Structures are given as C-alpha cells and as structure tokens.
Amino acid sequence: MSLRYCVLGLLTGLFLFACENSGTNGSSSNKPKARGSLGEILLVIDSAKYAGPVGDALKEVFEASIPGIIRDESMFYTRKVDPRKLTRILKMANNMVYVTTFDDQKPGSRNINSQFTPESIDMSRSDSTLFMLRNNDEFAIGQEVLYLFGQNEEELIRNLKSNKTQLQNLFINRERERLAKALFNRKSGEASTKSQEKFGITLNLPASYQLAMEEENFLWFRQPTPRTDKPDISLFFYQTDYTDEAQLFPENIIKFRNEITKTRIFGDPAKKESYIVTERLEPPVFKNTQIDGKYTVEMRGAWKTNNLSMGGSFLSYTIVDEEQGKIFYVEGFVYYPNEAHRSSLREIETILNATSFEKNAEEN
C-alpha cells in the first residue's frame, strides 16, 4: 500500500510540472477566493464524452440519490462545461472535476490531456488503478480540483464504479468542513452548557438554534423561521441506558425513535394526534459509522405526523458510550414543503458529527 501511494505521489509531481497555475508551484497571494453553492460540482469534460457511457458513470457517482428520503434528490448538484469553454469565472468554482481518457482525440479531451506530461501518462498506463489526482487551490483559494482519467473509457468507467463511495465521501467530507466553518462561527452557549450538565457530552450548535423543550433525558433545539422560503430545522437529543446489543438493530432503533417523538414532538402541540412518526413507505437506510470515536448507527429516512398534516426528512445517529453504559440518540429533522432538503440535511450532518464526549474533550 505504501508503494502505491509513493507512485501516486510521483505521478502527482509529474502532473503538476505540466500545469502553469498549480496550487503547489504558483503563488497563492494573487488568487481569488473559490466560490459556489454548497454541494455544487463543476464537471469539466468533452461534451461528446459526457453524452456517452462515461457521462452515465459520472451521474451514478455524483448524481446518486440521497438515501432514505421520499423525494428524489441528488447527492450533489453538478454543472457540466466543455474545457474549451472554461472561463476565468468558472475556474473559481469550489469543486472542479476534470474527466478525460488518454486515447480520446476529441478537442475537449485533448485540451485536458495537454496538462499531463508524457511521463505521467506512461505511469498511469503501467498501473490501471491510478485514475485520480487531487490538486487544492489550483485556480482559487479554498478550491478542490480533481482529475479523473484512464487510458480508455472502459478502464475509467471501471474505476469510477469501483471507487464510487470513495469519490462521494471525498466531496461530502470536504463540504462538511467548509460548512462547519460557517456554522460554528457563533456557537450556542446554552446548548453546550445544557448538554454537559444533562448528558456529559458537548453539543456544538450554531447560535441560531433555540431551546424548544427540556426534560430529564431529552433536549430539543429548533431553528425556527417565520419565512416560508427557509427550512425549519429541529435537533433533538435523548439519553437512555445501554443494556443489550439488540438496541442497535434497525427495527429497534425505529421503534425507539417513535417512542421518543410520540409524547414530545408534534406538528401542532394543540393536537396530540399530530405526533411525529417514521415514514415506512420509503424505509429508512442504515449504516455503521463513528462519532468522536464511538460506535454509531446512522439512520436516514422520512418523517410524517401521525395525522398526515406534515412531513419531511431526518438524519439520526444512535451513539454507544460503553464506558458510561449509555446510548445517545441524536437527530435532526427538516420541514420544508416542496423544496429540496439536501442543504438542510448536510447542515444537520455537520452539526451532529461535531458532538464530542467529555472524556475526549478533556484529553484534547
């Protein structure tokens, strides 16, 4: 594996030698700041190539549907541009992905291929698993530029399919880091204090979130908005004893969630039949992960009120703290009728993943 990364590093060096404006060789002092919407990716690819099988493979990676929600929304918003039409303004995009194959003689692909040295092309030819190069701040500060390539379309498509999750996570993590800088510019002192007193953990919430309800093992914060063109986002946190691994089974997590919300969260507090339940028409999606080093089960799905008056999307994490013998259920849900939920879910994901446990905080 170490040899693999050495080869990749050498290939990167050979490649950057051919670039006039690389982030490594050029001065960054005169570069503009990268810009673009959250979750936006600019695909730089020959138009004819994008219209074929490579374009289909790229859509499977970057336009894959967000799991667990009823409305079909893509993981990223992609814009396509032919390299011959790449302007100075477009080069300031936060996320850029160049795509080419070295056997392609179409004008757009030749334009991209000219940025590779003959040595780097030969090196990629000798190792078909070398298909990706990253170059930060190539044209603008704070920019991620990714080059995806292959000797031919078959090789490139094969690598795109086998590395789909890796490519998605690269931009998901990057966007989370970018969003965190904006969200945590001003933190909620109340959320931090309440969570430390009640749970022994630290909740990092933006100052815009206000405490909506507090009980012995429960906190609910909400970012209310009087405007219909803005999402209504809620975050709630619940603690219980960890007694059995069966508590982490998907069906039991759904049941646990419904028990928490049934007596606490309502579409209309005056109507007790409007309590929130988990939508089963589109079953929730689960995966194992970690938050602050703790074993965690992620759940993504849709919610609705029991009387069917409201609905939306949610993202939750069931976190196991074996040292304390506790389970923490943390969730964010969004109400934003007839609008995209992608940005709201990314915000929820960023906030909840910033949860830290007392012991870890002391060690740091």
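The values are calculated or read from the model by the stated rules, or taken from the named source; none is laboratory data. Everything numeric here is computed off the predicted structure, so don't read it as measured data. Using ideal geometry, Cβ is built from the backbone for each residue, glycine included, and neighbour counts are taken over all protein chains shown. The area values use the complete protein model at the heavy-atom level, side chains included, leaving out ligands, DNA and RNA. Shrake-Rupley method; radii C 1.70, N 1.55, O 1.52, S 1.80 Å.
Could you work out what % of the accessible surface of region 95-181 is carbon and sulfur, using a 1.4 angstrom probe and leaving DNA, RNA and ligands out of the count?
Looking at region 95-181 in its full context, I get 47 percent from C and S.
In this simple spin-label approximation, Asp127 and Glu177 carry label points 7 Å from Cα along the Cα→Cβ vector, and these lie 2.3 nm apart. For region 221-274, dividing the convex hull volume of the Cα atoms by the residue count gives 113 Å³ per residue. Overall shape of region 69-143 was characterised from the C-alpha gyration tensor. The equivalent ellipsoid obtained from it has semi-axes of 25, 17, 14 Å, in decreasing order.
Taking the Cβ-Cβ separation of Glu40 and Asn185 as r and a Förster radius of 35 Å, what is the calculated FRET efficiency to the nearest 0.05? Mind showing how you got there, number by number?
Values: r = 21 Å, r/R0 = 0.60.
So, using R0 = 35 Å, E works out to roughly 0.95.
With all protein chains kept in place, the per residue accessible area of region 247-311 amounts to 52 square angstrom at a probe of 1.4 angstrom.
What share of Cα pairs, in percent, lie more than 29 angstrom apart in the chain?
49
Taking 35 Å as R0, compute the FRET efficiency from the Cβ-Cβ separation of Asn136 and Glu339 and round it to 0.05.
On the way: r = 32 Å, r/R0 = 0.92.
FRET efficiency, Asn136 to Glu339: 0.60.
Of interest is the spacing of the C-alpha centroids, which for region 52-119 and region 166-226 amounts to 33 Å.
If R0 is taken as 35 Å, the Cβ-Cβ distance between Thr228 and Lys287 corresponds to a FRET efficiency of 0.60.
First obtain the Kirkwood hydrodynamic radius of region 162-245 from its Cα pairs, then insert it into the Stokes-Einstein equation at 37 °C and 0.692 mPa s, and state the resulting D in µm² per second as a whole number. Mind dumping the intermediate values first?
On the way: Rh = 15.1 Å.
Stokes-Einstein gives a translational diffusion coefficient of 217 µm²/s.
Using equal-weight Cα scatterers in the Debye expression, the normalised intensity of region 241-311 in log10 at q = 0.13, 0.24, 0.25, 0.27 Å⁻¹ is -0.44, -1.06, -1.11, -1.19.
Other residues whose C-beta falls under 12 angstrom from the C-beta of Tyr242 contribute a net charge of -4, scoring Lys and Arg +1 and Asp and Glu -1.
Averaging over all projection directions, find the projected area of the Cα convex hull of region 168-322 and quote it in nm² with one decimal place. Please list the in-between numbers first.
Details: hull surface 41.9 nm².
In nm², the orientation-averaged hull projection of region 168-322 is 10.5.
Extension gain for the segment Glu245 to Ser192, taken as residue separation times 0.36 nm less the Cα-Cα distance, is 16.2 nm to one decimal.
Under 4 °C and 1.567 mPa s, how fast does region 262-364 diffuse according to Stokes-Einstein, given a Kirkwood radius computed over C-alpha pairs? Answer in µm²/s, whole number.
Taking Rh from Cα pairs, D becomes 86 µm²/s.
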